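Working notes, beginning with the structure itself.
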Amino acid sequence: KLTAAHLPPQLEAIAPYTFENCTALTDVVLGEKVTSIFYEAFYNCTALKELTLHDKITALGEAAFAYSGLTSLTVPASVKRIRSRAFQYSDIETIVFVGDAPAFEEDAFSGITASAVYHSSNSTWTEDKLQDYGGDITWVDADYHEHVYKAVIIDPTCTQNGYTLHTCTICGENY
């Protein structure tokens, strides 16, 4: 069973069904040139709890993360479109949007209950964008909230001292 996938740096897209039903997959590193994650690319990847999306990704495909184990995701400013059922019945609890409001398809969040963090100081986040999109979404304004920090101990290495990283579970701010 596939447990890890470190994708080549020259890869530009995650094709439809690439990791579909890879239920043991826990570690994925996307190449820096990936711009799109297509249809059901991570469908039913129940062991995949986290994934870093870099700032070249522009689209999250239909059912791309449906039924996945992702619990949180930061959507970079480069993402312009989130397709139908992108997160359908996934384990996602928190989605943090860094930049402009992307175009959401009607049921992008079908069947999930999650907090979605946005910045009201960004004028693209209008009332018509703050919808449920088929799920039960609580929109949290990152510009006006009390931080709830989670501490993670970073072990020392040969070249750096260890430290504790405190990250807000709502907006991702850390110290």
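The values are calculated or read from the model by the stated rules, or taken from the named source; none is laboratory data. Values in this document were obtained by computation on a predicted structure and should not be read as measured data. Don't worry about glycine lacking a Cβ; one is built from the backbone with ideal geometry, like all the others, and counts go over all protein chains shown. When the accessible area is computed, the model is the full protein with side chains, heavy atoms only, and any ligands, DNA or RNA have been set aside. Shrake-Rupley method; radii C 1.70, N 1.55, O 1.52, S 1.80 Å.
Any residue at all in segment 80-90 that's within 13 Å of Cys171 (Cα to Cα), buried (at least 18 other Cβ atoms within 10 Å of the Cβ) and within 11 Å of the chain's Cα centre (by Cα)?
Step one: list which residues in segment 80-90 are within 13 Å of Cys171 (Cα to Cα), which gives none.
No.
Checking Tyr17 against (1) at pLDDT 95 or above; (2) in contact with a strand residue (DSSP E or B) (Cβ under 9 Å, 6 or more places away or on another chain); (3) open to solvent by 70 Å² or more (accessible area, probe 1.4 Å), only one condition comes out false. Which one?
Answer for Tyr17: the failing condition is (2).
Any residue in segment 151-163 that is closer than 13 Å to Asn174 by Cβ sitting within a Cβ distance under 8 Å of a residue that is at pLDDT below 90 and surrounded by 10 or more Cβ atoms within 10 Å (Cβ to Cβ)? List the pairs, counting only those 6 or more apart or interchain.
Val152/Thr167
Ile112 - would you say it is within 24 Å of Thr46 (Cα to Cα), buried (at least 19 other Cβ atoms within 10 Å of the Cβ) and free of Cβ contacts under 8 Å to residues at least 24 places away in the same chain? Step through it out loud before you land on a result.
Details: within 24 Å of Thr46 (Cα to Cα): yes; buried (at least 19 other Cβ atoms within 10 Å of the Cβ): yes; free of Cβ contacts under 8 Å to residues at least 24 places away in the same chain: no.
So Ile112 fails the test.
Would you point out which residue out of His119, His166 is of a type outside the set (A, V, I, L, M) and buried (at least 17 other Cβ atoms within 10 Å of the Cβ)?
Numbers: His166 fails: buried (at least 17 other Cβ atoms within 10 Å of the Cβ).
Just one listed residue meets the conditions, His119.
Residues in segment 137-159: is at least one under 20 Å from Glu40 (Cα atoms), open to solvent by 80 Å² or more (accessible area, probe 1.4 Å) and among the basic types (Lys, Arg)? Can you show your working first?
Step one: list which residues in segment 137-159 are under 20 Å from Glu40 (Cα atoms), which gives none.
No, every residue in segment 137-159 fails to be under 20 Å from Glu40 (Cα atoms), open to solvent by 80 Å² or more (accessible area, probe 1.4 Å) and among the basic types (Lys, Arg).
When both residues are 6+ apart or on different chains and their Cβ atoms are under 6 Å apart, which pairs have a first residue that lies in segment 78-96 and is modelled with pLDDT of 95 or more, and a second that is hydroxyl-bearing (Ser, Thr, Tyr)?
Ser78/Thr58; Lys80/Thr58; Arg85/Ser110; Gln88/Ser110; Tyr89/Tyr67; Ser90/Ser68; Asp91/Thr71
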